[in-house]
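J.: What follows is a single structure, and I will ask about it in a moment.
The values are calculated or read from the model by the stated rules, or taken from the named source; none is laboratory data. Values in this document were obtained by computation on a predicted structure and should not be read as measured data. Here Cβ is always computed from backbone atoms with ideal geometry, including for glycine, and neighbour counts include all displayed protein chains. All accessible areas refer to the heavy atoms of the entire protein, side chains included, with ligands and DNA or RNA removed. Shrake-Rupley method; radii C 1.70, N 1.55, O 1.52, S 1.80 Å.
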Amino acid sequence: RFLGGSRQLRLLQSLTAEAVRPVVQYKALVEALEALAAMAHEPKEADATAFGQGVSPKKESARLRGLVQGDELRLAGLEAIFAQLDADADGRLRLADLERVVAAVRAGDGDAAAGEAPLLERLRGVPGLDGPVGVDQATFVSLMVDKAVQDFAQGDRALMPVFEALDADGDGTVAQAQLLSTIERFCAALPEAEGCEVDHRPLRLAQAFNAFANDAKLLDYQRFVEMVSGREGGGEECEVGAPRRAAASTYLEEEAERSGERECFGEGVDDQGEDDPSCDAWFFGEDPTEEKMQRTASPEKVAALKAAGEAAIARRKQMEEVRARLKGALPLKVEASAEAA
């Protein structure tokens, strides 16, 4: 997309991950607040086709949850976000802790998506959050692990709440002035936030914006996803005119791209809607769609094999009896007495 000697290519080549760190941290805190606000409602069951046709939502959710829980770096990042939210550092998140973060990420934007209640009002509806109990770190991490799985099911719409927080006028795009002013207010309210300490922050962020903006100098949703979902170690090379692959919008989509797609030779569920074990038969080196070859032995061959086995058992027992008799017949070693000497 960016190859061909364009000005954007030069900007991308000079861009570093440090330039977008404040936006990535902004994204992480908005996602955490949205996950906490969602606790006010009963969790929704995953759609039967959320993870793909023929894949069991229950099985796939468990597999993805295991991936996140086994990622120590990811868990450490979630604990760091918890510490960022926990203003009084007492190990529990309460409404008073979250109010300052809400003000920072929603600066100049009182509402979330159209038709939704303001974020702070939704947080007030979470049982126990506006009281002494609060949410401890283990609960928060578990909540964010579940959110990672839900985001994977949502696909490329997972970051929409973050984008809408930046899109103050709701026109579906973010201008450079919007992004810079929002991040400046964010860093002024939370100067300890990761990325806010970057030198020449406005200049670097403006350069990052220009690298991903369209010809109208605007960020649409997909370009925003590309900006905040960059990989460590540089971008991928591609040929001019090659089909563009959409950027991964969630953590687990990035993990799936790194590890490869999950294979499944059979259907994920059977005719009754239950998990079909043949879906995972490939783990054992089998392809359940291939016709099985059945070989039958003649009765004479079976009888001969059985007789040979019985003869081997009989010989083994006979040898054990011989060893036992020989052991019993061995002379005892008698030590000479002092008188005999």
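J.: Can you list the helices (runs of 4 or more DSSP H) found entirely within segment 1-75 that contain at least 1 residues being at pLDDT 70 or above?
T.: Result: 17-37, 57-69.
J.: How many of the residues in segment 196-216 are of a type in the set (D, E, K, R) and under 21 Å from THR173 (Cβ atoms)?
T.: Number of matching residues: 1.
J.: Where residues in segment 118-129 are in a loop (DSSP other than H, G, I, E, B) and of a type outside the set (A, V, I, L, M), which of them is surrounded by the fewest Cβ atoms within 10 Å (Cβ to Cβ)?
T.: It comes out as PRO127.
J.: Which helices (runs of 4 or more DSSP H) sit wholly inside segment 130-238 and have at least 2 residues that are open to solvent by 60 Å² or more (accessible area, probe 1.4 Å) and out of contact with any His (no Cβ under 6 Å at 6 or more places or on another chain)?
T.: In segment 130-238, the matching helices (runs of 4 or more DSSP H) lie at 137-154, 176-189, 201-212.
J.: Return the only residue of THR173, THR182, THR139 being hydroxyl-bearing (Ser, Thr, Tyr) and either within 15 Å of LEU29 (Cβ to Cβ) or at pLDDT below 90 (or both).
T.: From the options THR173, THR182, THR139, the qualifying one is THR182.
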